[in-house]
Amino acid sequence: MFAVLKTGGKQYKVQAGDILRVELLAAEAGDKVQFNEILMVGGDKPQLGTPFVEGAAVQAEVIDNIKADKVITYHKRRRKHSSQRTRGHRQQLTLLRVTDVLATGADKSGVKEAVGTAIARRAAHGGQSAAPAKPAKAAAPKAAPKAEAAASVAEADDLKVINGLGPAAEKKLNEAGITTFAQLAAVDPETFEATKVKPDWVEQAKELAK
């Protein structure tokens, strides 16, 4: 029996015994995880999901958290003095061994769900909310701009939850008008000049902005 699962924005066709590399999961070596987003279960009686197959799952054991091969990017702009940049990036991955494909009964298996690190961080910070802005006084004409500024701070995301992005980088991004995950996800690291933006910050922001 095989199954087609979805994780990290990608689809994988797997069966018991397969070794799989997926986007980094919130799990450690030796943990057993379960993928519940199953698009198809194959076998004697194939099942197609709409979009997912109800009750189906793929269980796997975490072998290790690894890094992919280094990818080198080089960017140079013509007619710009000293405008060139070389970067290396190694994507973080989780190495798994598929142990079982369940056609039914996934909700009663007792195995924890496989979730990405971005989802785990969002869940961990879900209970934290920004302090509400103080109401502006109607009699004071200068209070309105202050109220708008407070409201914009309340709506801003905590960019420091992104791995490698510290308070200093967050301050520079805020000064450049980047205050939310959605705004950071739209940034091009190669052309953004206000401050240094790492490609993996943008990838994490895309996951957090969903």
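The values are calculated or read from the model by the stated rules, or taken from the named source; none is laboratory data. Everything numeric in this text was worked out from a predicted model, so none of it was measured. In this analysis, Cβ positions are derived from the backbone assuming ideal geometry, glycine residues included, and neighbour counts consider all displayed protein chains. What goes into the accessible areas is simple: the full protein's heavy atoms, side chains included, and nothing from ligands, DNA or RNA. Shrake-Rupley method; radii C 1.70, N 1.55, O 1.52, S 1.80 Å.
Condition check for Arg87 on (1) part of a strand (DSSP E or B); (2) more than 26 Å from Thr117 (Cβ to Cβ); (3) among the basic types (Lys, Arg): one failure, at (2).
Restricting attention to the stretch 43-50, does a residue exist that is closer than 26 Å to Ala209 by Cβ and open to solvent by less than 80 Å² (accessible area, probe 1.4 Å)? Taking every residue of the stretch 43-50 in turn, at least one turns out to be closer than 26 Å to Ala209 by Cβ and open to solvent by less than 80 Å² (accessible area, probe 1.4 Å). Residue count for the stretch 110-124, restricted to those that are in a helix (DSSP H, G or I) and within 14 Å of Asn65 (Cβ to Cβ): 2. Residues in the stretch 9-31 that are of a type outside the set (Asp, Glu) and crowded, with 17+ Cβ neighbours inside 10 Å: Tyr12, Val14, Leu20, Val22, Leu24, Leu25, Ala26, Ala27. Within the stretch 64-79, residues that are more than 21 Å from Thr94 (Cα to Cα) reach partners that are polar (S, T, N, Q) and open to solvent by less than 80 Å² (accessible area, probe 1.4 Å) with beta carbons closer than 6 Å, at six or more positions or on different chains, in the pairs Arg77/Ser83.
Is it the case that the stretch 196-207 has a residue that's over 17 Å from Ala120 (Cα atoms), surrounded by 14 or more Cβ atoms within 10 Å (Cβ to Cβ) and either more than 14 Å from the chain's Cα centre (by Cα) or free of Cβ contacts under 8 Å to residues at least 12 places away in the same chain (or both)? Yes, the conditions are met somewhere in the stretch 196-207.
Flag not set for Arg78, criterion: open to solvent by 80 Å² or more (accessible area, probe 1.4 Å) and in contact with an Asp or Glu (Cβ under 7 Å, 6 or more places away or on another chain). For the stretch 60-75, name all the residues that are open to solvent by 60 Å² or more (accessible area, probe 1.4 Å), closer than 16 Å to Glu190 by Cα and of a type outside the set (A, V, I, L, M). Once the filter is applied, which keeps residues that are open to solvent by 60 Å² or more (accessible area, probe 1.4 Å), closer than 16 Å to Glu190 by Cα and of a type outside the set (A, V, I, L, M), the stretch 60-75 yields only Tyr74.
Could you tell me whether any residue of the stretch 105-120 is surrounded by 10 or more Cβ atoms within 10 Å (Cβ to Cβ) and modelled with pLDDT under 75?
Yes - at least one qualifying residue is present in the stretch 105-120.
Under the condition of being closer than 29 Å to Pro199 by Cβ and either hydrophobic (A, V, I, L, M, F, W, C) or not in a loop (DSSP other than H, G, I, E, B) (or both), the residues counted in the stretch 49-81 number 14.
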